[in-house]
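The values are calculated or read from the model by the stated rules, or taken from the named source; none is laboratory data. Everything numeric here is computed off the predicted structure, so don't read it as measured data. We place every Cβ from the backbone using ideal geometry, glycine too, and count neighbours over all the protein chains shown.
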């Protein structure tokens, strides 16, 4: 089982944000400079926690992204977790992290994820970050 809390501001860009250029008349997709910087950030946050061997078998991945409160958040709500209903959407931000967990060998293959739980909130500064839990799928022996 892997249980991490990454103290960082969660990403506002996702793997869906790619650039495109034509080379010899064929489209070629690439990550822009901002995405390349985020690749380095993901690697530096996750690499120190890399397990000896990747998790295999059916897996459950639980992700909780807590973004800083908006300036428009009422003062009485600043201590609360408030659901985030703006971009990036849950699927895209989860896919980006899944790809990095696979790339850094936390998990054997993101196709092994049988259950995905994704939450996004705005929260107090002391809670800003990303909680990542990867565990064997409950009730299934690998």
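Points worth noting:
- Looking only at region 14-31, residues that are at pLDDT 70 or above and in a loop (DSSP other than H, G, I, E, B) come to 2 in all.
- Against the criterion of being surrounded by fewer than 17 Cβ atoms within 10 Å (Cβ to Cβ), under 19 Å from residue 7 (Cβ atoms) and free of Cβ contacts under 8 Å to residues at least 60 places away in the same chain, residue 125 qualifies.
- Within the set 63, 59, 55, the sole residue that is under 30 Å from residue 78 (Cβ atoms), surrounded by 15 or more Cβ atoms within 10 Å (Cβ to Cβ) and in contact with a helix residue (DSSP H, G or I) (Cβ under 9 Å, 6 or more places away or on another chain) turns out to be 63.
- The set of residues from region 104-120 being surrounded by fewer than 16 Cβ atoms within 10 Å (Cβ to Cβ), outside any loop (DSSP other than H, G, I, E, B) and touching a residue at least 24 places away in the same chain (Cβ under 8 Å) comprises 114, 115, 117, 119.
- Scanning region 103-133 for residues that are on the phi < 0 side of the Ramachandran plot and under 12 Å from the mean Cα position of the chain (by Cα) yields 116, 117, 118, 119, 120, 130, 131, 132, 133.
- Number of the exception - residue 76 against (1) loosely packed, with under 13 Cβ neighbours inside 10 Å; (2) under 13 Å from the mean Cα position of the chain (by Cα); (3) at pLDDT below 95: (2)
- In the condition set (1) under 18 Å from residue 3 (Cβ atoms); (2) in a strand (DSSP E or B), residue 46 is compliant with all but (2).
- Checked against the criterion of being touching a residue at least 60 places away in the same chain (Cβ under 8 Å), over 12 Å from the mean Cα position of the chain (by Cα), assigned to a loop (DSSP other than H, G, I, E, B) and at negative phi, region 80-100 contains one or more residues that satisfy it.
- If you filter region 88-101 down to residues that are modelled with pLDDT under 95 and touching a helix residue (DSSP H, G or I) at 6+ places or on another chain (Cβ under 9 Å), you find that the one that is surrounded by the fewest Cβ atoms within 10 Å (Cβ to Cβ) is 99.
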